[in-house]
1. Would you confirm whether or not segment 50-68 contains a residue that is free of Cβ contacts under 8 Å to residues at least 60 places away in the same chain, of a type outside the set (A, V, I, L, M), closer than 14 Å to G31 by Cα and in contact with a Leu (Cβ under 6 Å, 6 or more places away or on another chain)?
2. Kindly provide the set of residues from segment 32-52 that are out of contact with any strand residue (DSSP E or B) (no Cβ under 7 Å at 6 or more places or on another chain) and assigned to a helix (DSSP H, G or I), ordered by number.
3. Scan segment 70-86 for residues that are assigned to a loop (DSSP other than H, G, I, E, B) and more than 18 Å from N40 (Cβ to Cβ) and jot them down.
Amino acid sequence: MTRAILGDDRPSLECLPPRALRFLASAFEVGANKYDGPMNWRVEGIVASEYYAKALRHLTAWFEGEDRTRDDGHHHLAAAAADILILIDAMLGGSLNDDRPTIANIVSRRGKR
């Protein structure tokens, strides 16, 4: 188990690759300009399924050979990583609307037909 999971708030940030962090920061900068400022997801929260879908769209676009987004030209991998980090931040910060399809949710939806 890592120190962060055990409650030590001093994880080894030097283990993060600087080039990848700069790459990722560019996606967050694009998002901040596009969606009402930095860390905008903390204001109203996010829906898990929406960010999951966004990350998958970026990953599949990249996997099919499209490196950059058509609308603003940022890299699909950076955008997918940003979506995943936003999911993690929202989960840890309590601003995640967790609408994942758990077994209990699926069963209860079937009963409402």
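Each value in this text was obtained by applying a stated rule to the coordinates, not by laboratory testing. Note that the structure is predicted; figures quoted are calculated from it, not measured. Every residue, glycine as well, gets a Cβ built from its backbone with ideal geometry; the counts of neighbours run over all protein chains shown.
1. Looking through segment 50-68, at least one residue is free of Cβ contacts under 8 Å to residues at least 60 places away in the same chain, of a type outside the set (A, V, I, L, M), closer than 14 Å to G31 by Cα and in contact with a Leu (Cβ under 6 Å, 6 or more places away or on another chain).
2. Taking segment 32-52 and keeping what is out of contact with any strand residue (DSSP E or B) (no Cβ under 7 Å at 6 or more places or on another chain), we get 32-44, 49-52.
Residues satisfying the conditions are A32, N33, K34, W41, R42, V43, E44, S49, E50, Y51, Y52.
3. Step one: list which residues in segment 70-86 are assigned to a loop (DSSP other than H, G, I, E, B), which gives 70-74.
Once the filter is applied, which keeps residues that are assigned to a loop (DSSP other than H, G, I, E, B) and more than 18 Å from N40 (Cβ to Cβ), segment 70-86 yields R70, G73.
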